[in-house]
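Just so it is clear, none of the values below were taken in a lab; they were calculated from the coordinates. Small disclaimer: the values here were computed from a predicted structure and weren't measured. All Cβ positions, glycine included, derive from the backbone under ideal geometry; neighbour counts span all protein chains shown.
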Amino acid sequence: YALDGGQLFGMFSDFAQSAAVRARMTGRDPALIVAITYPEGEFSFDRRIRDLTPPSDRDGYDMPARPNGLPWPELGGADAWLDMIENDIEPFVAAHFPVDETRETLWGHSFGGMTVLHAAFARPGAFDAYVAVSPSLWFNDGQLMREAKRFLGTPASGKPVPLLMMAGGAEQSLDDWEKRSEHADRFRAWKENNRMIGNARDLAALIEEKGVARIALEAVTQARAAGAPPSFAVR
């Protein structure tokens, strides 16, 4: 189940088609990709921001200034989005396709990655595995870290939740076009505040220290330069 499916379905379908060759050779069923997106012509960044941000765990939101200088749109629709997936999309898919209900995975990138983590901590039994790519852990003054601490502080029941977390090795650095932009200071402040790699490292360390009974974590960063060291541990 891929969030931002409209933008990423081509990538996933190409991967699934390639993997299907090996699946046939080994007697496995091919992967089923469920791309979750908006009706044609109805996508907007404001809608995406609303749908892929969790309700605040505090009184209101503490959000950084956006690089484009615009105010934040409506926030807090992630629980309704996840309810839709669980209550409407998953039953529809199961009714029309052969589904292995022990291998259902939720995938998301950026705000979608944050939604994946929110789901893993708030409803760990909803999916069998979670993949969070470049999750926006800076959101609402580190809300997902607070959610993680609450989840990891509860007694373990059953097997640990499989979680794959990834980040790009250059996500805290300005690209050349950002350095040349008249808004370079905004981009720099945005990336310094967001700490994409640092926050992911902190979450991985928290799980490593307190949560191995709750989360089975694999965490990796993709470095841009060959031979560059990883920014957080691989388990």
Requested in this report: Quick one: what are the phi-derived ³J(HN,Hα) couplings along segment 44-52, Karplus 6.51/-1.76/1.60 with θ = phi - 60°, whole Hz, x for glycine and proline?
Outcome: 8, 5, 5, 5, 4, 4, 4, 6, 10
Query raised in the report: Which percent of the Cα-Cα distances in segment 145-206 go past 18 Å?
Result: 52
Query - Value of [θ]222 nm, deg cm²/dmol, for the chain, DSSP H segments ≥ 4, -39500 (n - 2.57) each, nearest 500 - result: -13000 deg cm²/dmol
Query raised in the report: Just for the Cα atoms in the chain, what are the lengths along the principal axes, largest first, rounded to whole Å?
Result: 54, 45, 44
Report summary line: Expressed to two decimals, segment 24-97 has a Cα Rg over Rh, using the Kirkwood radius, of 1.13
Report summary line: For V161, the residues 5 or more places away or on another chain with a placed amide H closer than 5 Å to its own amide H are I215, A216
Query raised in the report: Hey, what angle do you get for helix 139-152 against the long axis of the chain, alpha-carbon based, 0 to 90 degrees rounded to 10?
Result: 40
Report summary line: Square roots of five times the C-alpha gyration tensor eigenvalues of segment 77-177, ordered largest first and given in whole Å, equal 26, 18, 13
Report summary line: Taking Cα atoms only, helix 5-26 is inclined relative to the longest principal axis of the chain by an angle, in degrees rounded to 10, of 40
Report task. State the answer as a single residue: which of P39, P55, G168 lies farthest towards the positive end of the charge dipole of the chain, with beta carbon charges of +1 for Lys and Arg and -1 for Asp and Glu, about the Cα centre. Result -> G168
Query raised in the report: Evaluated at 25 °C with a viscosity of 0.890 mPa s, what Stokes-Einstein diffusion coefficient in µm²/s does segment 1-140 have when Rh comes from the Kirkwood expression over alpha-carbon pairs?
Result: 151
Query - Selected from S136, N68, G153, residue furthest toward positive end of dipole (the chain; charges at beta carbon) - result: G153
Query raised in the report: Who wins for biggest fluctuation among D141, D79, D175 in a Gaussian network model of the chain, springs between alpha carbons below 10 Å?
Result: D175
Report task. Step through the residues of segment 86-96 one at a time and calculate ³J(HN,Hα) from phi using the Karplus curve (6.51 cos²θ - 1.76 cosθ + 1.60, θ = phi - 60°), rounding each to whole Hz and writing x for Gly and Pro. Result -> 5, 8, 10, 6, 4, x, 5, 4, 5, 7, 10
Query raised in the report: L52's amide H: which non-local residues (gap 5+, or another chain) put their own amide H closer than 5 Å, with H modeled 1.01 Å from N in plane and none for Pro or chain starts?
Result: G77
Report summary line: Relative to the chain, whose Cα atoms define the longest principal axis, helix 184-194 and its Cα axis are tilted in degrees, nearest 10, by 50
Query raised in the report: To the nearest 20 debye, what charge dipole does the chain have about its Cα centre, counting +1 at the Cβ of each Lys and Arg and -1 at the Cβ of each Asp and Glu?
Result: 800
Requested in this report: Based on the mean of other Cβ atoms within 10 Å per residue, sort peptides 24-35, 103-114, 42-53 so the most packed one is first.
Outcome: 103-114, 42-53, 24-35
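How much length, in nm to one decimal, is gained on full extension between F92 and E178, taken as 0.36 nm per residue of separation minus their Cα-Cα distance?
26.6 nm
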Query raised in the report: For the chain, how many pairs of lysine residues have a Cα-Cα distance under 28 Å, where the two are 8 or more positions apart or belong to different chains?
Result: 6
Report task. Please get the size of the charge dipole for segment 35-127, origin at its Cα centre, with Cβ charges of +1 on Lys and Arg and -1 on Asp and Glu, quoted in debye to the nearest 20. Result -> 340
